[in-house]
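I have placed the structure first, in the form of structure tokens, so that the comments after it can refer back to it.
Bear in mind that the values in this text are calculations on the coordinates, not laboratory data. Here the structure is a predicted model, which is why all the values come from computation and not from measurement. All Cβ positions, glycine included, derive from the backbone under ideal geometry; neighbour counts span all protein chains shown.
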């Protein structure tokens, strides 16, 4: 005990706090807001890892999200509970997933009472998935999960998909145990053979079988620290992961329907209302009768929103903006170089804000050599996905190697 009392830095977290306070320095006005913003900028830029070399990405993703609905989700270490926090973040994840991957499909699975039950089928209907996620709040949290049954269900759903499809499973796992009917390692090996990528986000602590699952199938494993870290780990799965070179690459037949009202019946009088047609995407919801919509160019089935998979002929229906939003993953904007503000530019090229003495750093594009502020640099990389300076000079764009 005497040796422990003499050690002034017994705990590592105490040393970390001391280093943090040593790094904090006030400016001439006695404020630390600029320093806090600088810390946030450095942390955000560390998270941006530039891609090296050509990488194959799966543009048409098929993702199954398995949500733990066992008793472990009733813990209150995430406010108000793990389960309610998960539902709130999962709702945002579904919207962001389809915004970044409009040609992909999603399915939600509930894990409880040693079973895996489908909540939604594999589809690209955003409203249907969001409504199902909101309805999960009424589920009773009982029993314990079965990781093996979830893997078996994911294998049955994803295995029949074509070779060019990206097969993925994301498990939100809160329990420290799993009740499996047989040897789970055999199931993991089967998923690895089928090319199904499994990732796990743990809400309690690291579990060895979950780590082995992610390592063998090429997925990612993370354990949340708080709700902010939870959201960060979840949104990382909105970007398409690298594809294995062993998977097939093939052509996909797609249709580009026109948004137009249906033709008037030939025997109708002039000025008559358009014919009433049935919407295939809301057929089971009782909201299927209407006039205008998107018509499949192959079988003339009507859909109220795109993208969609035609239920009649199986054709993938999309529009040009959907392809453009999927395309930016293949050729992301190269990270800007960070330079000390020495008068390289007077204004930010993005927002036209004048640089001041408080702007210690500016961010310059390596192609067009235009300078940007911190806010515009983050907006270009996270939302716009196109450098405004390069877009204003089309001759700067050179043909890039085919990475699809």
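Using C-alpha pairs below 8 Å separated by at least 6 residues, the relative contact order for the range 61-238 is 25 percent. In the range 61-238 the Cα-Cα distances spread across 10 Å bins starting at 0 as 10, 42, 39, 8, 0 percent of all pairs.
Estimated at 0.36 nm per residue, the fully extended path between residue 367 and residue 208 surpasses their Cα-Cα distance by 52.7 nm.
As a length-normalised measure over Cα pairs under 8 Å and 6 or more apart, the relative contact order of the range 331-396 settles at 35 percent. What Kirkwood radius, in Å to one decimal, follows from the Cα pairs of the range 331-396? That comes to 11.9 Å for the range 331-396. Given their separation in residues at 0.36 nm each and the Cα-Cα distance between them, residue 71 and residue 393 gain 110.2 nm when the chain is fully extended. In this label model, residue 337 and residue 156 are separated by 5.7 nm, measuring between points 7 Å along each Cα→Cβ vector.
Take every DSSP beta bridge with both residues inside the range 61-238 and express the antiparallel ones as a percent of the total, to the nearest 5. Let's see the in-between values first.
Values: 6 of 29 bridges.
Just about 20 percent of them are antiparallel.
Here the contact order of the range 119-185, divided by its residue count and restricted to Cα pairs under 8 Å and six or more residues apart, works out to 41 percent.
How do 60, 254 rank when sorted from fewest to most other Cβ atoms within 10 Å of their own Cβ?
254, 60
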